[in-house]
Amino acid sequence: MRLHESVCQFCSEIGKDPLIVQGAGGNVSWKENDVLWIKASGTWLADAGDKDIFVPVKLDHLTTALKNGDYAVVPQTISSSPLKPSIETLLHALMPHRIVVHVHAIEVLAHLVRKDFDLMNYPTLDKALNARTVKYCKPGAELAEAVASQLDGTSNTRVVFLKNHGVIIGGDSIDEISETLLYLTHFFAVPAVPAQVTTPHFSLRLANGVEFDPIGVTKLHEVAVTPSLVDRLNDNWALYPDHVVFLGPRPRLFGSFEEAKSSLEMESELPDVIFVRGVGTFARETMNKAKIAQLICYYDVITKLNDSVPLSTLTDAQICELVDWDAENYRRGLNDTK
Ligand SMILES: [Zn+2]
């Protein structure tokens, strides 16, 4: 099988596994001659089998700029495709491996959001991966610079953990990447503790006709009903960038249906999703597939964490720079019709 085909097959497999890839998140690249084939911004890895989701960019141009410390370099697309290369393209150019995969895998993410995440706490992690950790940085130029500072110019480092974000894996073949990804998800796995909840049978209708219906994924009602999860919602909403980009800077949590109704009726810009304590999670029609995938991701992460584990959340300044970012508005816009 040609490299292109095996990468696409791998992408559509991991893209369909919500514990590895959520909606438009994650990106994959491969290098061939002087070309870096990178996933286009806003596209879904799950679509790799049916659609063209990769954009070819000039590799030399990027590596030369990065060697000179130019992290603001803009990737040059080779084809006439209207798609834009991923925001994370520089990470893929920095890693010297033939294939690079960046995902927000739940099992790993549930550790990367912990306040005390440090590789010293995982002494049995395979030393051959020569793993590195990078503190939280805004995706794009800042994150690329932080990752570069951890690499030594060789392909020895096969795994880079990004705190409050995800993981980068480099390898020579899809088999090697698959093996590393599987190893990491098993290594960091912790069982989730689901609770029993039911979907409410009523909707919230505002005077202007806008309706918030019970969300269709039953487990997502737990976030509003299970007291420890409601606490997480309140205290640890902004755990990683995609959550903020797709679901907004803060959760809309209400104490009762009446409170939600009176408050929302005063608002001109309504949220996509609201949480009513002890009742459930309600969404209006703007809650598209990409946003639902992000909320499922959040649920999957917080149910894997013991209630007492302190988490690290993004600061107000870090949230602001994600919410007002044109590059992310573009990515979110591409998903509005999903
Ligand atoms: Zn990412």
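In segment 176-197, which residues are assigned to a helix (DSSP H, G or I), among the hydrophobic types (A, V, I, L, M, F, W, C) and touching a helix residue (DSSP H, G or I) at 6+ places or on another chain (Cβ under 6 Å)?
Of everything in segment 176-197, just one residue is assigned to a helix (DSSP H, G or I), among the hydrophobic types (A, V, I, L, M, F, W, C) and touching a helix residue (DSSP H, G or I) at 6+ places or on another chain (Cβ under 6 Å), namely LEU184.
How many residues, within segment 5-43, are of a type outside the set (Gly, Ala, Ser) and without any contact (Cβ under 8 Å) to a residue 40 or more places away in the chain?
Within segment 5-43, residues that are of a type outside the set (Gly, Ala, Ser) and without any contact (Cβ under 8 Å) to a residue 40 or more places away in the chain number 8.
Okay, residues lined up against (1) farther than 24 Å from ALA105 by Cα; (2) open to solvent by 60 Å² or more (accessible area, probe 1.4 Å):
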| residue | (1), (2) |
| --- | --- |
| PHE202 | yes, yes |
| PHE212 | yes, no |
| ARG232 | no, no |
| ASN236 | no, no |
| ASP242 | no, no |
| ARG250 | no, yes |
| ALA260 | yes, no |
| MET266 | yes, yes |
| PHE275 | yes, no |
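Across segment 178-219, what is the number of residues that are over 22 Å from VAL103 (Cα atoms), under 25 Å from the mean Cα position of the chain (by Cα) and of a type outside the set (Lys, Arg)?
Result for segment 178-219: 8.
Which residues, counting only those in segment 140-159, are open to solvent by less than 40 Å² (accessible area, probe 1.4 Å) and either of a type in the set (D, E, K, R) or touching a Leu at 6+ places or on another chain (Cβ under 8 Å) (or both)?
GLY140, LEU143, ALA144, VAL147, ALA148, LEU151, THR157, VAL159, listed by residue number.
Please work out which residue is nearest to the ligand (Cβ to nearest atom), limiting yourself to segment 202-244 and to residues that are of a type in the set (Gly, Ala, Ser), in contact with a helix residue (DSSP H, G or I) (Cβ under 9 Å, 6 or more places away or on another chain) and farther than 15 Å from TYR298 by Cα.
GLY216
Any residue at all in segment 171-192 that's more than 19 Å from LEU19 (Cα to Cα), surrounded by 15 or more Cβ atoms within 10 Å (Cβ to Cβ) and modelled with pLDDT under 95?
No, segment 171-192 contains no residue that is more than 19 Å from LEU19 (Cα to Cα), surrounded by 15 or more Cβ atoms within 10 Å (Cβ to Cβ) and modelled with pLDDT under 95.
Of all strands (runs of 3 or more DSSP E) completely enclosed by segment 18-119, which ones contain at least 2 residues that are open to solvent by 10 Å² or more (accessible area, probe 1.4 Å) and of a type in the set (A, V, I, L, M, F, W, C)? Give the steps one after another, and end with the answer.
On the way: elements: 27-32, 35-39, 54-58, 99-103.
Passing ranges, in order: 35-39.
Only residues that are of a type in the set (Gly, Ala, Ser) and in contact (Cβ under 8 Å) with a residue 40 or more places away in the chain: list them for segment 44-68, please.
Residues of segment 44-68 of a type in the set (Gly, Ala, Ser): 46, 48-49, 65.
Residues satisfying the conditions are ALA48, GLY49.
Considering only residues that are over 20 Å from VAL28 (Cα atoms) and open to solvent by less than 40 Å² (accessible area, probe 1.4 Å), look in segment 120-136 and name the one that is nearest to the ligand (Cβ to nearest atom).
TYR136
The values are calculated or read from the model by the stated rules, or taken from the named source; none is laboratory data. Note that this is a predicted model, so its numbers are computed, not measured. Note that we place each Cβ from the backbone using ideal geometry, even for glycine, and neighbour counts take in every protein chain shown. Areas reflect the complete protein model, heavy atoms only, side chains present, ligands, DNA and RNA absent. Shrake-Rupley method; radii C 1.70, N 1.55, O 1.52, S 1.80 Å.
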